[in-house]
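What follows is a set of notes on a single structure, which appears directly below.
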Amino acid sequence: MLLVDVAAMSAEVGATSARLAKIARIADLLTRAGAEGDPHLVAVVVSWLSGELPQRQIGVGWASLRSLPAPADDPSLTVRQVDAALSEIGAVTGKGSQAHRAELVAGLFAVATDLEQTFLRRLITGELRQGALIGVMADAVAKAGGVPAADVRRAAMLAGDLPAVAAAALTGGEAALQQFTLTVGRPVGPMLAQTATGVADALERLGGTGIFEAKLDGARVQIHRSGDDVSIYTRSLDDVTARLPEIVDAALALPVTSLIADAEAIALRPDGRPHRFQVTASRFGSKSPGAAQPLSVFFFDLLHLDGTDLLDLPTVERLAALDNSVPQAHRVDRLVTADPEAAQRFLEATLAAGHEGVMAKSPSAPYEAGRRGAAWLKVKPVHTLDLVVLAVEWGSGRRTGKLSNIHLGARDPATGEFIMLGKTFKGMTDAMLEWQTSRFLELADGPTDGYVVKLRPEQVVEIAFDGVQTSSRYPGGMALRFARVIRYRDDKSPADADSIDTVRALYERGA
């Protein structure tokens with residue numbers, strides 16, 4: 001398969017708004033890839049069309065692609081050749097590596113046509129957003145492989161690797177998908193939550209009874225244990241085991257042989273109140289965990305226990321298994337109730353303890369890994385959203401020389417793009433201004449347009465606001481009222497940002 005086939009398909013899909021048309025076009029390309037009988041080829045194509053490099057990082061950023069050779073007249077590159085070239089570029093290390101890497105990049109782009117250069121540039125810099133989201137890709141894989149879409153989605157959920165699932169489906173059919181099971185030591189996508197306006201709203205949406213849990217202001221972790229082997233993963237599925245030895249010890253102290261658990265890691269003060277989130281977050285980047293602030297761990301869900309998978313069981317049954325395996329001191333505080341007043345008191349007590357709110361969960365729901373379902377609802381005392389920074393403006397006055405006013409965008413599930421909801425410069429400390437100036441210069445997407453610096457949409461920020469109002473100024477027809485920065489969320493990717501549908505739901509409920 002030629003690179004130009006994938007590049008042309010990417011451009012077509014990006015220009016198509018209809019979901020079914022996207023699926024049909026992608027499925028056609030995947031069918032052709034699968035016909036070559038090479039699972040790796042299928043995986044690479046799926047990865048690329050999802051906007052990701054199989055190699056993840058190859059040491060090439062936007063600045064490295066500013067000056068490129070003239071494009072070739074005729075396409076000649078194959079997908080296999082390009083994948084091998086990208087792997088070679090990513091493997092370059094040592095003295096003179098920057099010059100050698102630049103030479104390899106130039107050599108690759110010199111034999112790429114204009115269409116292919118555009119595709120490669122956007123792919124390498126993480127800007128390939130043509131609306132081929134995970135749901136679209138999963139359905140396209142199912143269509144191309146002639147297998148049930150539900151089987152593809154479940155396999156992808158359990159594998160945490162849609163390209164690998166696609167390779168199996170297109171070269172081995174439905175039977176090959178059975179190899180993807182819940183496996184201790186292999187992380188799965190975490191179940192995610194929607195937002196509720198309050199505990200009464202949460203109870204109504206859950207059908208009358210809810211399981212309320214303290215929402216700790218820490219960092220979510222997924223803990224795997226098999227005998228004496230423990231692995232710990234972040235919500236983005238990065239392995240942080242070596243950085244969290246005290247959580248490894250806590251997992252080994254449990255009276256179990258094997259488990260997969262959802263938990264929250266958090267730095268606590270001597271009085272039991274939480275430190276600021278940055279204190280917890282600093283541990284995930286620390287290479288010397290022994291000298292850093294220790295973390296406590298609190299479990300809140302169980303996906304596997306001693307050889308038995310639990311994720312398809314109702315929440316109440318998973319929690320019963322959790323309660324039998326994890327001491328109370330290491331469990332998140334919980335209340336099961338249908339009484340809004342009791343739920344409100346629980347929320348207020350949780351807030352008084354220094355935490356950020358509560359989670360309200362359906363007693364009967366299974367664990368939907370990798371999905372933002374309606375069975376989990378987060379309730380906070382103020383409206384907050386996790387948004388993506390689309391651009392930033394140079395400051396004036398005391399902020400001269402600093403990147404200050406940020407442009408905020410919500411994820412559009414239909415297209416994969418981000419819809420602007422407003423700007424804010426509020427809530428930023430001097431230290432935050434210093435940090436974001438450095439960070440956003442790294443994310444600059446092309447030359448500055450006057451005082452506005454357009455950014456690659458990679459940085460997630462948690463925003464508090466007083467409500468959502470009608471606005472003709474922004475494309476979504478809505479704007480946030482009195483938006484202010486709470487914190488930057490380095491633990492979240494743009495795919496984890498709140499969607500425009502969430503914002504619209506808040507707007508329609510009069511938030």
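The values are calculated or read from the model by the stated rules, or taken from the named source; none is laboratory data. Just so you know, these numbers come straight off a predicted model, no measurement behind them. Cβ atoms come from the backbone with ideal geometry, glycine included; neighbour counts cover every protein chain shown. Accessible surface is based on the protein model in full, side chains and every heavy atom, while ligands, DNA and RNA are left aside. Shrake-Rupley method; radii C 1.70, N 1.55, O 1.52, S 1.80 Å.
General observations
- Charge dipole (debye, nearest 20) of the chain; +1 at Cβ of Lys and Arg, -1 at Cβ of Asp and Glu: 1360
- Taking a ≥ b ≥ c as the square roots of the eigenvalues of the Cα gyration tensor, an a/c ratio of 1.5 or more together with a/b no larger than b/c marks the range 222-371 as oblate.
- Cα-based helix-to-principal-axis angle, 114-124 vs the chain, degrees rounded to 10: 30
- FRET efficiency estimate (nearest 0.05) - Cβ-Cβ, Ser438 to Gln344, R0 41 angstrom: 0.45
- Structural descriptor for the range 377-444: relative contact order 25 percent, calculated from alpha carbon pairs under 8 angstrom and at least 6 residues apart.
- Using the 1.4 Å probe convention, the accessible area of the range 300-345 works out to 49 Å² per residue with neighbouring protein chains retained.
- Sequence ranges 480-486, 47-53, 166-172, 34-40, ranked by mean other-Cβ count within 10 angstrom, highest first: 166-172, 47-53, 480-486, 34-40
- All Cα pairs of the chain, percent lying beyond 36 Å: 36
- Taking a ≥ b ≥ c as the square roots of the eigenvalues of the alpha-carbon gyration tensor, the range 399-453 is classed prolate because a/c is 1.5 or more and a/b outweighs b/c.
- By average C-beta atoms within 10 angstrom, highest first, the peptides 439-445, 24-30: 24-30, 439-445
- Protection proxy ranking, peptides 153-163, 6-16, 188-198, average beta carbon neighbours within 10 Å, highest first: 153-163, 188-198, 6-16
- Its residue count N sets the reference 2.2 N^0.38 Å, and the alpha-carbon radius of gyration of the range 393-511 equals 1.05 times that reference.
- Global geometry of the range 136-261, whether rounded, prolate or oblate, following the gyration tensor of its Cα atoms and the 1.5 cut on a/c: oblate
- Taken along its three principal axes, the alpha carbon spread of the range 7-91 comes to 37, 29, 27 Å, from the longest extent down to the shortest.
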